Amino acid sequence: MPIKLNLLAEQQQADDLRRRDPVKRTAYAGGLALALMFAYYGLLHVQAISINSSLKLQQDRLADVEKKSQQAIAALKRSAGLESRIKALQTVSTNRFLWANALNALQHTTAPDVQFVRVKGKQIFIVDPPPADPKAPKKPRYSTEQFHISIEARDYADASALNHTKLMAEVGKAPALSPYLKHDDAVVLKERGSLQPDPIDPARSFIRFIIECRFPETKRTL
């Protein structure tokens, strides 16, 4: 029977021992683990960059939406303010006192032997001041409208005729004025003088008087 001799047995055994060396295996395993860790870290870094980029994009979009929402809120406030003013103007236009109609009515309002000398109208707006303390609770503010008509006239009739009372009655019944003159003391005698000669025609005498039409106040919310 032939005898087989393996002249490389020692070398193969040494190589086998080297392959089975636990230190080398540990080094290979550690290197592989380190490589995997670096790869995983790289993947996480890439994902973090992607997430941060997406977050930045969403934050920019949110900031743009917030900016537009603030602009929309400001526009709504301006719109509400304009609507309030338009409504107030419409209220004034529909409820305002028409001077032309009143003056036209007066020229058709007469009494016997009475001559108009002067007609004067006065209109005043009183606006409530804002609160002194800006932190104080807000309260409604109003604009109060006051107006009256003053009529100066001469009565050429006898003093006992008291034509100023007739003129006051006619003024109170004028269609353009009567809706505003229904309250007490709406038409009053403000002044009545004594009999005096007419400077243009001394043969005639007159009594100067002034009557006043006091209209009710109109209060509107600001």
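Here, each number is a calculation from the coordinates, and none is a lab measurement. Predicted model only: the values in this text are computed from it and were never measured. Here the Cβ positions follow ideal geometry from the backbone for every residue, glycine too, while neighbour counts run over all protein chains shown.
Is there any pair linking a residue in region 116-136 that is within 30 Å of I207 (Cα to Cα) to one that is small (G, A, S) and surrounded by 11 or more Cβ atoms within 10 Å (Cβ to Cβ), with Cβ under 6 Å and at least six apart or on different chains, and which?
F116/A153; V117/A153; K120/S150
Go through the residues of region 214-221 one by one and say whether even a single one is at negative phi and in contact with an Asp or Glu (Cβ under 6 Å, 6 or more places away or on another chain). Quick ask: steps written out before the conclusion?
Step one: of region 214-221, the residues at negative phi are 214-221.
Keeping just the survivors that are in contact with an Asp or Glu (Cβ under 6 Å, 6 or more places away or on another chain) gives 218.
Within region 214-221, one or more residues are at negative phi and in contact with an Asp or Glu (Cβ under 6 Å, 6 or more places away or on another chain).
For region 103-126, enumerate the residues that are assigned to a strand (DSSP E or B) and exposed (fewer than 11 other Cβ atoms within 10 Å of the Cβ).
Kept after step one, since they are assigned to a strand (DSSP E or B), are these residues of region 103-126: 114-126.
If the condition is that a residue be assigned to a strand (DSSP E or B) and exposed (fewer than 11 other Cβ atoms within 10 Å of the Cβ), then R118, K122, I124 are the ones that fit.
Would you pick out the residues in region 171-215 that are surrounded by 13 or more Cβ atoms within 10 Å (Cβ to Cβ), of a type in the set (D, E) and more than 51 Å from the chain's Cα centre (by Cα)?
D198
Using beta carbons and a limit of 6 Å, which pairs, at least six apart or on different chains, have the first residue in region 192-204 and among the aliphatic types (A, V, I, L, M) and the second one not in a loop (DSSP other than H, G, I, E, B)?
What qualifies is L195/A159; L195/S205; L195/I207.
Working only within region 137-161, note down all residues that are more than 53 Å from the chain's Cα centre (by Cα) and polar (S, T, N, Q).
Residue satisfying the conditions is S160 alone.
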